[in-house]
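Q: Handing you a structure now.
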């Protein structure tokens, strides 16, 4: 597998008095899919959001430890979070397209970053929609509202919107939990394609999904990362009894 893209060392996160993440360390490889699994409320989404500083937006959060992307500490003083979030895109659990046309949803980020040329925007929109495997479905109705699409299509529009600013890393927070099985399969197939060009980290409550799509898996429990390894190792030969109990369905 590839080089390390994200290196996390002794990461602790507190919401006020609540110690939500405890001494988390891991290396996330580039151009691979890393899944975070564990019961609800175990810290996996909180951890995902530390990778592009989305937790900065929550009041009373305190973080110590380091998160380095390509060797640079993203919590360093001189980090521009706007540029960080351009490099590290995010797709949420509920599809959240903006109430505007399909075209404008995808062109939104590039416009914010100063691209005004229509030809350039047209190309970015088409490339991003192709990248999110939805171009063929929407190419004749780019002026229609993104809200008129099905949930699964909306989620792929959100993925296209994330791709439009040319990120290197894509964070996905339970991207299929609100979707039907057919849409879920489409997103999973898409993730396989995306990892050719992007580093993908995905939070999933669906262990079968982790087995199907990920190369590496981290198991979280009550704010602690219990175990991290290749997905095959975690699901076939877990080292920790708690991991085994969780994946065999003894709790969770």
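Q: Name the one entry in 63, 79, 28 that is in contact with a strand residue (DSSP E or B) (Cβ under 9 Å, 6 or more places away or on another chain) and within 27 Å of residue 215 (Cα to Cα). Step through it out loud before you land on a result.
A: Working: 63 fails: within 27 Å of residue 215 (Cα to Cα); 79 fails: within 27 Å of residue 215 (Cα to Cα).
So the residue among 63, 79, 28 that is in contact with a strand residue (DSSP E or B) (Cβ under 9 Å, 6 or more places away or on another chain) and within 27 Å of residue 215 (Cα to Cα) is 28.
Q: Can you find even one residue in region 46-62 that is more than 13 Å from the chain's Cα centre (by Cα), within 21 Å of residue 228 (Cα to Cα), part of a loop (DSSP other than H, G, I, E, B) and in contact (Cβ under 8 Å) with a residue 12 or more places away in the chain?
A: no
Q: Looking at region 103-123 only, could you name the residues that are more than 17 Å from residue 157 (Cα to Cα), assigned to a helix (DSSP H, G or I) and over 22 Å from the mean Cα position of the chain (by Cα)?
A: Selection gives 118, 119, 120.
Q: Mind checking which helices (runs of 4 or more DSSP H) fall wholly inside region 153-244 and carry at least 1 residues that are more than 30 Å from residue 12 (Cβ to Cβ) and under 12 Å from the mean Cα position of the chain (by Cα)?
A: 181-194
Q: To continue, here is another question. For region 70-88, how many residues are closer than 19 Å to residue 4 by Cα and in contact with a helix residue (DSSP H, G or I) (Cβ under 7 Å, 6 or more places away or on another chain)?
A: Summing the residues that are closer than 19 Å to residue 4 by Cα and in contact with a helix residue (DSSP H, G or I) (Cβ under 7 Å, 6 or more places away or on another chain) in region 70-88 gives 1.
Q: List the number of the failed condition for residue 38; all other conditions in (1) in contact (Cβ under 8 Å) with a residue 60 or more places away in the chain; (2) more than 23 Å from residue 168 (Cα to Cα); (3) out of contact with any helix residue (DSSP H, G or I) (no Cβ under 6 Å at 6 or more places or on another chain) hold.
A: (3)
Q: Does region 41-68 hold any residues that are touching a helix residue (DSSP H, G or I) at 6+ places or on another chain (Cβ under 7 Å) and farther than 19 Å from residue 16 by Cα, and which are they?
A: 52, 67
Q: Can you report the number of residues in region 136-152 which are touching a residue at least 40 places away in the same chain (Cβ under 8 Å), in a helix (DSSP H, G or I) and within 20 Å of residue 121 (Cα to Cα)?
A: Number of matching residues: 1.
Q: Follow-up. Given the options 71, 65, name the one that is within 22 Å of residue 166 (Cβ to Cβ) and modelled with pLDDT of 95 or more. First the steps, then the outcome.
A: Details: 65 fails: within 22 Å of residue 166 (Cβ to Cβ).
Every option except 71 fails the conditions.
Q: Select from region 124-140 the residues that are out of contact with any helix residue (DSSP H, G or I) (no Cβ under 7 Å at 6 or more places or on another chain), more than 22 Å from residue 182 (Cα to Cα) and surrounded by 13 or more Cβ atoms within 10 Å (Cβ to Cβ) and list them in ascending order.
A: Passing the criteria: only 127.
The values are calculated or read from the model by the stated rules, or taken from the named source; none is laboratory data. Everything numeric here is computed off the predicted structure, so don't read it as measured data. Heads up, the Cβs are rebuilt from the backbone with ideal geometry, glycines too, and the neighbour counts pull from every protein chain shown.
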